[in-house]
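What follows is a single structure, written as structure tokens, with notes after it.
The values are calculated or read from the model by the stated rules, or taken from the named source; none is laboratory data. Bear in mind the structure is a predicted one, so any value in this text is a computation, not a measurement. Methodologically, a virtual Cβ is constructed for each residue, glycine included, from the backbone with ideal geometry; neighbour enumeration extends over all protein chains shown. For the accessible areas, the whole protein counts, side chains as well, though only heavy atoms, and no ligand, DNA or RNA atoms are used. Shrake-Rupley method; radii C 1.70, N 1.55, O 1.52, S 1.80 Å.
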Amino acid sequence: MTRTLITNARLIDPEGATDTLGALLIEDGLIAQVYSEGQPQGVPSDARVIDAGGKCLAPGIVDIGVKVCEPGERHKESYRSAGLAAAAGGVTTIATRPDTMPAIDSPEVLEFVARRANEAAPVNVLPMAALTKGRAGQEMTEIGFLMDAGAVAFTDCDHVVRNTKVFARALTYARSLGALVIAHPQDPGLSEGAAATSGKFASLYGLPAVSPMAERMGLDRDIALLEMTGARYHADQITTARALPALERAKRNGLDITAGTSIHHLTLNELDVAGYRTFFKVKPPLRSEDDRQAVIAALRDGLIDTISSMHTPQDEESKRLPFEEAASGAVALQTLLPAALRLYHSGDLDLPVLFRALSYNPAKRLGLNCGRLAQGAPADLVLFDPDAPFIMDRFKLLSKSKNTPFDEARMQGKVRITFVAGTPVYEAP
């Protein structure tokens with residue numbers, strides 16, 4: 001039996017909403033005991049002891065919506081490089097998107113990526129599958145067979161299913177199997193070709209823009225279909241104030257709906273695009289500061305449930321283009337935690353609330369037992385120093401692609417050790 005005792009740690013417990021000094025004992029990959037006050041008594045003498053030195057110990061991050069470019073674009077990101085970046089960022093579980101080449105829309109492709117992930121990645125990898133074949137929105141996939149092959153959720157990612165009848169049929173079938181459907185709430189007609197959010201800034205820069213109402217309209221349609229089908233639904237990114245009242249009503253009416261937002265929409269706004277910097281081009285586009293503040297408040301109140309990296313690797317060639325033509329997306333597995341800690345240092349969110357959205361809620365939505373500091377839970381943990389300052393250097397990121405908007409930014413928060421099933425998979429040099 002392998003035992004590890006982590007002492008003198010700030011225990012960040014999102015389930016109990018507490019931040020206390022204590023210790024934690026790991027035995028055979030599970031949390032054996034949590035000592036919330038003082039030093040533990042009666043600890044086995046053969047335990048490896050790690051003195052946290054007053055640093056924070058929290059559940060490992062569970063990241064829903066990570067793009068790994070296997071199969072098809074392995075030069076952008078592989079399961080090995082994504083797994084190493086995740087471990088260095090305190091992410092212990094990644095739920096991967098099916099927007100690959102080809103799309104992950106059959107049990108055979110799903111089993112291939114699951115096998116590759118288990119061989120190559122040091123963290124837990126849970127594959128999601130496409131909702132429709134080829135993500136084309138015309139014919140739904142074999143949801144039952146894909147669930148049997150290990151799919152944890154179904155999504156067409158940023159390809160909104162335009163055909164309402166097809167989407168309703170897929171939701172009904174998913175409901176009968178208890179499958180989780182993850183959707184991208186946007187009106188596809190309004191948002192097509194958009195590179196910015198409509199307003200004075202987009203007009204000044206001459207960028208094709210989309211109204212925040214496109215998100216509201218997309219969410220309204222999906223909520224109506226949820227009322228009709230009773231499916232389990234998660235909105236991948238809620239980024240505007242306009243969408244929040246509809247989300248609040250849907251939850252109040254008892255629909256099985258949760259919502260996430262991306263770290264970039266929580267920490268950046270439309271003005272960061274100044275100078276046509278394509279590393280700041282994401283989908284949906286960055287919003288106004290008022291929208292950013294509204295989303296932070298919704299996260300604090302529990303209306304928005306999860307924070308994700310929306311990790312989207314792009315190579316230099318696809319980013320070094322005019323802003324309108326450049327590919328959308330940013331890598332964020334390794335920058336997710338220090339970027340999220342900006343909200344802690346600004347006083348917007350405390351650490352238990354932050355890890356409720358980073359770890360506990362996403363684990364709960366996927367039906368996992370991790371994301372909490374509790375006896376018997378998997379010892380997927382991150383030990384980090386929330387105050388350690390550094391300047392982000394994109395060339396030091398472990399992802400193959402380096403397209404981060406945080407390059408050369410001053411940040412705080414460094415991961416010291418990441419544990420998966422009690423085993424250190426990353427230790428800071």
| remark: Out of (1) assigned to a strand (DSSP E or B); (2) open to solvent by less than 40 Å² (accessible area, probe 1.4 Å); (3) out of contact with any helix residue (DSSP H, G or I) (no Cβ under 8 Å at 6 or more places or on another chain), the one Val382 does not meet is (3)
| Single unsatisfied condition, Pro405 versus (1) closer than 23 Å to Val273 by Cβ; (2) assigned to a helix (DSSP H, G or I) | (2)
| request: For the range 110-118, state whether one or more residues are open to solvent by less than 30 Å² (accessible area, probe 1.4 Å), modelled with pLDDT of 95 or more, not aromatic (Phe, Trp, Tyr) and not in a helix (DSSP H, G or I). | output: no
| note | Across (1) out of contact with any strand residue (DSSP E or B) (no Cβ under 8 Å at 6 or more places or on another chain); (2) open to solvent by 10 Å² or more (accessible area, probe 1.4 Å), Glu27 clears everything bar (1)
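I want to confirm something. Restricting to the range 355-379 and keeping residues that are in a loop (DSSP other than H, G, I, E, B) and open to solvent by less than 50 Å² (accessible area, probe 1.4 Å), which single residue is farthest from Gly90 (Cα to Cα)?
If we take residues in the range 355-379 being in a loop (DSSP other than H, G, I, E, B) and open to solvent by less than 50 Å² (accessible area, probe 1.4 Å), then Gly376 is farthest from Gly90 (Cα to Cα).
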| task | Give me the pairs, please: first residue somewhere in the range 310-338 and within 20 Å of Ala409 (Cα to Cα), second residue anywhere and aromatic (Phe, Trp, Tyr) and part of a loop (DSSP other than H, G, I, E, B), beta-carbon distance under 7 Å, and either six or more positions apart or on two chains. | result | Thr335/Phe406
| request: Pick out, from the range 56-106, the strands (runs of 3 or more DSSP E) lying fully within it that include 1 or more residues that are over 11 Å from the mean Cα position of the chain (by Cα) and of a type in the set (A, V, I, L, M, F, W, C). | output: 56-59
| query | Just checking, how many residues over the range 339-351 are open to solvent by 10 Å² or more (accessible area, probe 1.4 Å) and part of a helix (DSSP H, G or I)? | reply | 3
| said: So Glu15 passes all but one of these: (1) in a strand (DSSP E or B); (2) under 28 Å from the mean Cα position of the chain (by Cα). Which condition number does it fail? | reply: (1)
| note | Taking the range 82-127 and keeping residues hydrophobic (A, V, I, L, M, F, W, C), in contact with a Phe, Trp or Tyr (Cβ under 7 Å, 6 or more places away or on another chain) and touching a residue at least 60 places away in the same chain (Cβ under 8 Å) leaves Ala87, Ala88
| query | Within the range 170-182, is even one residue without any contact (Cβ under 8 Å) to a residue 12 or more places away in the chain and either surrounded by fewer than 20 Cβ atoms within 10 Å (Cβ to Cβ) or touching a Lys or Arg at 6+ places or on another chain (Cβ under 6 Å) (or both)? | reply | yes
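I want to confirm something. Restricting to the range 120-157 and keeping residues that are assigned to a loop (DSSP other than H, G, I, E, B) and more than 30 Å from Val425 (Cβ to Cβ), which single residue is most open to solvent (accessible area, probe 1.4 Å)? Give the derivation first.
At the first step, the residues of the range 120-157 found to be assigned to a loop (DSSP other than H, G, I, E, B) are 121-123, 128, 130-131, 136-139, 141-142, 149-153, 155-157.
Add one more test, that the residue is more than 30 Å from Val425 (Cβ to Cβ), and what stays is 131, 136-139, 141-142, 156.
Values: Leu131: 5, Ala136: 65, Gly137: 6, Gln138: 130, Glu139: 104, Thr141: 4, Glu142: 92, Asp156: 7 Å².
So, considering only residues that are assigned to a loop (DSSP other than H, G, I, E, B) and more than 30 Å from Val425 (Cβ to Cβ), the one most open to solvent (accessible area, probe 1.4 Å) is Gln138.
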